[in-house]
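Following: one structure in structure tokens, then a few remarks.
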2 protein chains.
Amino acid sequence: MQTIREIATLRQIIKDARHRGQTVGFVPTMGFLHEGHLSLLRRARAENDLVVLSIFVNPLQFGINEDYNEYPRDLERDSALAEEAGCDLIFYPAVKEMYPRGYATFVDVERLTSGLCGASRPGHFRGVTTVVTKLFNIVTPDRTYFGQKDAQQALVIRRMAADLNMDLEVIVMPTVREHDGLAMSSRNVYLSPEQRKAAPILYQSLLQAKESIKKGERSAAAVRNQIIQNISAEPLASIDYVSVTDTTELQEIDRIQNQALIALAVRFGQTRLIDNILVEV
Amino acid sequence: MQTIREIATLRQIIKDARHRGQTVGFVPTMGFLHEGHLSLLRRARAENDLVVLSIFVNPLQFGINEDYNEYPRDLERDSALAEEAGCDLIFYPAVKEMYPRGYATFVDVERLTSGLCGASRPGHFRGVTTVVTKLFNIVTPDRTYFGQKDAQQALVIRRMAADLNMDLEVIVMPTVREHDGLAMSSRNVYLSPEQRKAAPILYQSLLQAKESIKKGERSAAAVRNQIIQNISAEPLASIDYVSVTDTTELQEIDRIQNQALIALAVRFGQTRLIDNILVEV
């Protein structure tokens, strides 16, 4: 498995593969890989001739007081895990390779990015859509893989790809969870043992909401309040948002009908965790 | 020569051409072709196997009180001219093919779009960069051709392509002019005979500015004032802007050194004309 730092080098390797008629599967990440990322790589391995992983902690998607500097990084560990999952190439560019001096261009997806994490993290999705556009143009994948854990991100990328006529398939894979239900996240390493012990409340409260809906609850406010009460009972948890939205425009809804996304962000100390479930009625 | 209205159809034709090893040259326009456009097509013909012209009056790049509805359209005439210039395919999409319901994604180039036409036409370049990104993703050209008449547009597209790692070459061709120096433009048809007679003052004033610089003038303010005085002497002309800028960031400069862009926009009645020259000292 090769690790490549220059755009021009990667481009040439991918062009050569294309000339041999190979298909390209692409998994964009910020590294510090966990089972969620690996599930994307394994699926990419099964569906494509060439599997490319990018590892780039993208400064553009972090707010000024967020964890860009602290974000965990471990290329050696990531390389071993990626190779085992069937990755052929890691693209690991420097920040100045991606954003050279004079950089001026940004991609925005409107409406879908106004709520949920977009409201708590202004500029975050602009950073995501910009870097992903660049990566797509460099890697030119046939298929690209994202995790359902970042539900809003997956929908935003899907919309961007459709709107800008990007010729690729966006595949979204289920959230991978720890044994106690905590969604896998590179940020879980930030948690103290006490916080880690408390964190499964996120998924538990989502499952309880799903149960209420199954029993007939259709009021989004009631579902939201139930989750808020549940999580507020945990003294280490501080709610950022709990949202019940439609699944195309990601706007808050009043009544739950057809499909809805229940998504939340909760802080444990400095650590902000997200989780979500889709419900169908 | 084929005229294609659907994205999927065009994509398939281009993929087939690529599988045969053909290169693709692309000229994006709003139609109502003149010699300027045709010079781009001829150059594309000389350099590529497949020459694609798009004709799309892009609503996104027109302001609310601008000439979107009045913009001249004549597909039959354009088809004949394009074929003669060596065009293989015209892409002529409907607005709803390009911007279906729920459209949400936009591309912005910052800084370079803040002055000149960007200042007088807010949102204009966002419209241009968004539609051009879409067209590039549909046509996947090896080479794309723009005219120097729209100097800011050409620089913005070049910057966007570099920033977003679009794998194509942006070729900018000289402004084509009428015998009396008026820059060719689809909007020239709006001019009354009197306005048409007065319009060459734009290029004349640019040439006089160039002459002053040749004689040693280095003050941008002096050059600007000379042009303003010149054009103000024409009662039918109303200046929108006269700018002297650097040629990478398009910011107003004080002293003329190395290369500078002298660009202007002037109204004759409702018709807004632009022109520019590059000077080197």
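The values are calculated or read from the model by the stated rules, or taken from the named source; none is laboratory data. For clarity, every value in this text was computed on a predicted model and none was experimentally measured. Note that each Cβ is placed from the backbone with ideal geometry, even for glycine, and that neighbours are counted across all protein chains shown. With ligands, DNA and RNA removed, areas are computed over all heavy atoms of the protein, side chains included. Shrake-Rupley method; radii C 1.70, N 1.55, O 1.52, S 1.80 Å.
For A:S114, the accessible surface of its heavy atoms amounts to roughly 70 Å² (probe 1.4 Å, protein chains only, rounded to the nearest 10). Residues of segment B:158-196 whose accessible area, computed with a 1.4 Å probe over protein heavy atoms, drops by at least 50 Å² once all protein chains are present relative to their chain alone are B:D163, B:L164, B:N165, B:D167.
Can you tally the net charge around A:L112? Count Lys and Arg as +1, Asp and Glu as -1, for every other residue whose Cβ sits under 15 Å from the Cβ of A:L112. The partial results should precede the final answer.
On the way: positive: A:R111, A:R121, A:R126, A:R158, A:R159, B:R101; negative: A:D108, A:E110, A:D150, A:D163, A:D246, A:E249, A:E252.
Computed value for this residue: -1.
Between the Cα long axis of helix B:35-47 and the first principal axis of chain B there is an angle of about 50°, rounded to the nearest 10. Computed from backbone phi, the HN-Hα couplings of segment A:60-66 come to 5, 9, 9, x, 5, 9, 8 Hz, rounded to whole numbers (Karplus: 6.51 cos²θ - 1.76 cosθ + 1.60, θ = phi - 60°; Gly and Pro given as x).
Across segment B:36-115, Cα-Cα distances exceeding 15 Å account for 69% of all pairs.
Projected over every direction and averaged, the convex hull enclosing the alpha-carbon atoms of segment A:200-243 yields 2.8 nm². Inter-copy label distances at B:D240, using a point 7 Å along Cα-to-Cβ, come to 4.3 nm with the shortest given first.
Quickly rank A:48-56, B:193-201, B:14-22 as a protection proxy: mean count of other C-beta atoms within 10 Å, highest first. Could you put the intermediate results ahead of the total?
Details: A:48-56: 23.7, B:193-201: 17.1, B:14-22: 13.4.
Averaged packing, sorted descending, gives the order A:48-56, B:193-201, B:14-22.
Quick one: dipole size for segment A:186-280, taken about the Cα centre, charges +1 on Lys/Arg Cβ and -1 on Asp/Glu Cβ, in debye to the nearest 20. Display every interim value, and only then the final one.
Working: 11 positive and 11 negative charges, 56 e Å.
Taking the Cα centre of segment A:186-280 as origin, the dipole is about 280 debye.
Share of carbon and sulfur in the accessible area of chain A stands at 48%, probe radius 1.4 Å.
Using only side-chain charges placed at the Cβ, +1 for Lys and Arg and -1 for Asp and Glu, the dipole size of chain A relative to its Cα centre rounds to 180 debye. For segment A:84-136, what does the alpha-carbon gyration tensor say about shape, rounded, prolate or oblate, given a ≥ b ≥ c as the root eigenvalues, a/c under 1.5 as rounded, and a/b over b/c as prolate? Taking the square roots of the gyration eigenvalues as a ≥ b ≥ c, segment A:84-136 is oblate.
Residue ranking by accessible heavy-atom surface, 1.4 Å probe, largest first, among B:H34, A:H179 comes out as A:H179, B:H34. A simple spin-label model places pseudo-atoms 7 Å from Cα toward Cβ; at B:T248 and B:R20 they are separated by 4.2 nm.
Rounded, prolate or oblate: pick one for segment A:128-225, where a ≥ b ≥ c are the square roots of the eigenvalues of its C-alpha gyration tensor, a/c under 1.5 means rounded, and failing that, prolate if a/b is larger than b/c, else oblate.
Taking the square roots of the gyration eigenvalues as a ≥ b ≥ c, segment A:128-225 is oblate.
Computed on segment B:186-280, with alpha-carbon pairs under 8 angstrom and 6+ residues apart, the relative contact order is 28 percent.
Relative contact order for segment B:74-216 using alpha-carbon pairs under 8 Å, separation at least 6, rounded to a whole percent? Provide the component values of the computation, followed by the final result.
On the way: 95 pairs, mean separation 22.4, N = 143.
Over segment B:74-216, the number comes to 16 percent.
Work out, in µm²/s and without decimals, the Stokes-Einstein translational diffusion coefficient of segment A:186-280 at 4 °C, 1.567 mPa s, Rh from Kirkwood over C-alpha pairs. Before the final figure, lay out the partial values.
Working: Rh = 13.5 Å.
Estimated via Stokes-Einstein, D reaches 96 µm²/s.
Any idea of the accessible area per residue across chain B, 1.4 Å probe, to the nearest Å²? Intermediate results must be reported in sequence, preceding the final value.
Details: 12200 Å² over 281 residues.
In whole numbers, chain B has 43 Å² accessible per residue.
For chain B, state what percent of all Cα-Cα pairs lands in each successive 5 Å bin, counting from 0 Å until the bin that includes the largest distance. Once binned at 5 Å, the Cα pair distances of chain B give 1, 5, 12, 16, 18, 17, 13, 9, 5, 2, 1, 0.
For segment B:1-17, a reduction of at least 50 Å² in accessible area between the chain on its own and the assembled protein chains (probe 1.4 Å) is found at B:R11. The alpha carbon radius of gyration of the protein assembly as shown, expressed as a multiple of 2.2 N^0.38 Å, is 1.11.
Ballpark to the nearest 100 Å², how much total accessible area do B and A bury together, probe 1.4 Å? The partial results should precede the final answer.
Numbers: alone 13380 and 13400 Å², together 24410 Å².
Chains B and A together bury roughly 2400 Å² of accessible area.
Using r as the Cβ-Cβ distance of B:A233 and A:A221, and R0 as 45 Å, what FRET efficiency do you calculate, to the nearest 0.05?
Values: r = 68 Å, r/R0 = 1.52.
My answer for the efficiency is 0.10.
Taking all Cα-Cα distances within segment A:18-73, those exceeding 16 Å account for 53%.
Comparing each chain alone with all protein chains together (probe 1.4 Å, DNA, RNA and ligands left out), the residues of segment A:81-108 losing at least 30 Å² of accessible area are A:G102, A:Y103, A:A104, A:T105, A:F106, A:D108.
Under Stokes-Einstein, with the Kirkwood radius over Cα pairs as Rh, the value for segment A:10-162 at 37 °C and 0.692 mPa s is 204 µm²/s.
Amide H to amide H, with H built 1.01 Å from N, A:F91 comes under 5 Å of A:I4, A:L53, A:S54, A:I55, counting only residues 5 or more places away or on other chains. Applied to segment A:256-265, the Karplus parametrisation 6.51 cos²θ - 1.76 cosθ + 1.60 on θ = phi - 60° returns per-residue 3J(HN,Hα) values of 8, 8, 6, 10, 9, 10, 10, 10, 8, 9 Hz, with x for Gly and Pro. Inter-part distance, segment A:1-68 to segment B:209-253, computed on C-alpha centroids, equals 49 Å. Across chain B, the mean sequence separation of Cα contacts (distance under 8 Å, 6 or more residues apart), normalised by length, yields a relative contact order of 17 percent.
Taking the C-alpha atoms only, the angle from helix A:220-232 to the longest principal axis of chain A is near 90 degrees.
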